[in-house]
Amino acid sequence: MVNGTVITLYLMRSGPSCADALDGCTANIAKAAAAFGAQRDGINDALAGTPYNAVDIKPGCRLTLDDGQSVRLRDAYSDPGLTTYGRDRSRAAGRELRRRVEPDLVVCSVLRRARLTAEAAFPSHDIFTAPYLAEAEDDRLLALDDAPMSPSAGGLSYVDPTRRDWASSNYHAFLTFLGGRLARKPRASKSSSLSEKITAESDHTAVAVTHGALLKKACGLDAEPPHNTVWRRRLLVTQEHVREEPGPCDLFMDATPPVHLSVGCDDAPHKPWDVSPFLDDEAVLTGPGTFSFPDEVVHDEL
């Protein structure tokens, strides 16, 4: 069957971000109102590129905009980095993954949380920002948390900032890019899936850090997977085509859901405003989570 270059691709979801922490926003409306009052200017600075200003905060940590509409507070946090918990969790996930995988290439999306995840998981590798791996768009009024602030996130990059699609979410275009980069077949483009699984050894191995909605769509999942979960896809690249194995992605490394998202955010100096005043202080974490392989005993990182 094999008449081309075989690539094994491992797709990891990024770690919990400072915007994710706001899913644990305080239910104490007085505390939230005080935090909003102290940081209203910073929040509106983040909204400067939009038609809106925030004028109030309501229960559930929803911002009221000057036209009467409302959005989640997290939607107004531009291109967030990782929480301290997300950083530690990504390091632990990387330690587990590196026991099984030694990639030829590690790439990440243009979003900062993806680069920070990749750097934590693969500290001795060069990390390259790749096109087409950004989070899939949804129907939110505002989605600053999924809006990249830079085509490179401050590191090495394959992204061409002059192209209008550098920040797009297009899995098939990414596979075309990957085939050209690793298999050296730049004319090959994503085609229909193969009729059977690839049994040959890989010529190249790559890790790509991306996001929940993109993974759900690309891998044929029922829901967005937990942070730092890893899925495997095998590709066959010929002179003309990049073709995937049939069916959904294979779960390669499972991860328990984060114990608690609202613990610490060391996003300075990039943060547009401070998440911490909007969070309660009760959460205490004992470790970054549990990671396991389907064919192996569970490993608990403490």
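Just so it is clear, none of the values below were taken in a lab; they were calculated from the coordinates. Every value quoted in this text rests on a predicted model; they were computed, and no experiment measured them. Glycine also receives a Cβ, built like all others from the backbone with ideal geometry; neighbour counts cover every protein chain displayed.
In Å, the Kirkwood hydrodynamic radius of the range 1-113 over pairs of distinct alpha carbons?
17.0 Å
Eigenvalues of the Cα gyration tensor times 5, then square-rooted: what semi-axes does that give for the range 111-266, in whole angstrom, largest first?
Values: eigenvalues 131, 76, 52 Å².
Working through the eigenvalues yields semi-axes of 26, 20, 16 Å.
Taking only DSSP H segments of four or more residues, each worth -39500 (n - 2.57), what value at 222 nm results for the chain once the sum is divided by all its residues, to the nearest 500 deg cm²/dmol?
Mean residue ellipticity, 222 nm, calculated: -6500 deg cm²/dmol.
Can you check what the net charge comes to around LEU144, using other residues whose Cβ is under 11 Å from the Cβ of LEU144 (Lys, Arg +1; Asp, Glu -1)?
Residues near LEU144 contribute -1 overall.
Between 0 and 90 degrees, rounded to the nearest ten: what's the tilt of helix 84-98 against the longest Cα principal axis of the chain?
Approximately 10 degrees, to the nearest 10.
Under the Cβ-under-4.7 Å rule, which cysteines of the chain stay unpaired?
Here CYS108 come out as lacking a disulfide-compatible partner, given the Cβ-Cβ threshold of under 4.7 Å.
Nearest 10 degrees, 0 to 90: what angle lies between the long axis of helix 29-46 and the longest principal axis of the chain (Cα atoms)?
In the chain, helix 29-46 runs at an angle near 60 degrees to the longest axis.
Just list whichever of LYS190/LYS271; LYS58/LYS217; LYS185/LYS216; LYS31/LYS271 have alpha carbons separated by over 31 Å in the model shown.
Distance filter (> 31 Å) returns LYS190/LYS271; LYS58/LYS217.
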